[in-house]
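Each value in this text was obtained by applying a stated rule to the coordinates, not by laboratory testing. Source: prediction; values computed, not measured. Neighbour counts run over all protein chains shown; Cβ positions are idealised from the backbone, glycine included.
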Amino acid sequence: MMTGKCGRCDLRSELELLREENKQLKEELQRLRLKIFGIKPSKKKRNDSDSDAEVRKTKKHGPPFGHEGRARKRPTRVDRRVLLRFESCPDCGGDLSELQEPRVRYTEDIAPAKLFVTEHIIKQGYCPACKQVVYPDVAEAIGNRHFGVNFLLYITYLRYTLNLPYNKMVQLLNDTYQAGVSEGTLVDYIKLAAQVFGPEYERIKHDMQRQKNCHYDDTGQRVDGENRWLWVFIN
């Protein structure tokens, strides 16, 4: 039978193990920063007790005391106008004298989402000089892929900005857009995004290495069972 004292000993041992693992991960992160971007680790250290105090501190929800409320601004764009009027009084059925100034009210809603399907009619021509058939490429397409650039951008946003797992991304796309996609399809397109945006990534990395001042932030993410890092750089 395990005593309370032994149980506390086990918890202390587990805590020490977690602290050591956390220390190793931080050291690995600093090495990656220096290796990839040439950024030296910050010398400023946070007190563990201060960090624990921040976690324990409760934060009051809602606006601060005395905060002045603000109404939502009038929309700058109107997509549809609807005219509403009574031909007679709804209470007694009598005639109405229409007032000069109408009452205007705005409502905002989310339009039902659906996939936007485009049929491309591609005219072909034969060049006798080159002895080949020529035809224009589809600018909106990504090679021979079925889904276009906006689809690629959207799932990249879902994956790396909202940090959604693939099964939730599939559920969102199929429930909202009836896209008929699978997790395998999304994984394939995410890998494609790395190829498409690879040159831009290298350009940004090169520019940031040449900056006099560079602020950065990172967050860990598991990819195929391994630790990876997402970076944000501001100059």
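What is the sum of charges around residue 84, taking Lys and Arg as +1, Asp and Glu as -1, for the other residues whose C-beta is under 11 Å from the C-beta of residue 84? Local net charge: +4.
Seen from residue 198, the other residues with C-beta closer than 12 Å to its C-beta sum to a net charge of +1, counting Lys and Arg as +1 and Asp and Glu as -1.
Rounded to the nearest 20 debye, the dipole size of the stretch 125-234 about its Cα centre is 220 debye, using +1 on the Cβ of Lys and Arg and -1 on the Cβ of Asp and Glu.
Taking 0.36 nm per residue of separation and subtracting the Cα-Cα distance, full extension of the segment from residue 201 to residue 175 would add 6.1 nm. Over the stretch 71-127, the hull volume per residue, using the convex hull of the C-alpha atoms, is 280 Å³.
Projected label points at residue 91 and residue 123, each 7 Å from Cα along the beta carbon direction, are separated by 6.7 nanometres.
With a/c under 1.5 counting as rounded, go ahead and sort the stretch 160-216 into rounded, prolate or oblate using the C-alpha gyration tensor (a ≥ b ≥ c being the square roots of the eigenvalues; past the cut-off, prolate if a/b is larger than b/c, else oblate). Prolate is the answer for the stretch 160-216, as a/c is 1.5 or above and a/b outweighs b/c.
Length gained on full extension, residue 227 to residue 168, computed as 0.36 nm times the residue gap minus the Cα-Cα distance: 19.1 nm.
Using a simple spin-label model with pseudo-atoms 7 Å out from Cα toward Cβ, residue 103 and residue 131 lie 8.0 nm apart.
What is the distance in Å between the Cα centres of the stretch 156-235 and the stretch 74-143? Here the two parts' Cα centres lie 31 Å apart.
Over all alpha-carbon pairs of the stretch 125-234, lay out the pair-distance distribution in 10 Å bins, whole %, shortest bin first. Percent of Cα pairs in each bin: 11, 33, 28, 17, 8, 3.
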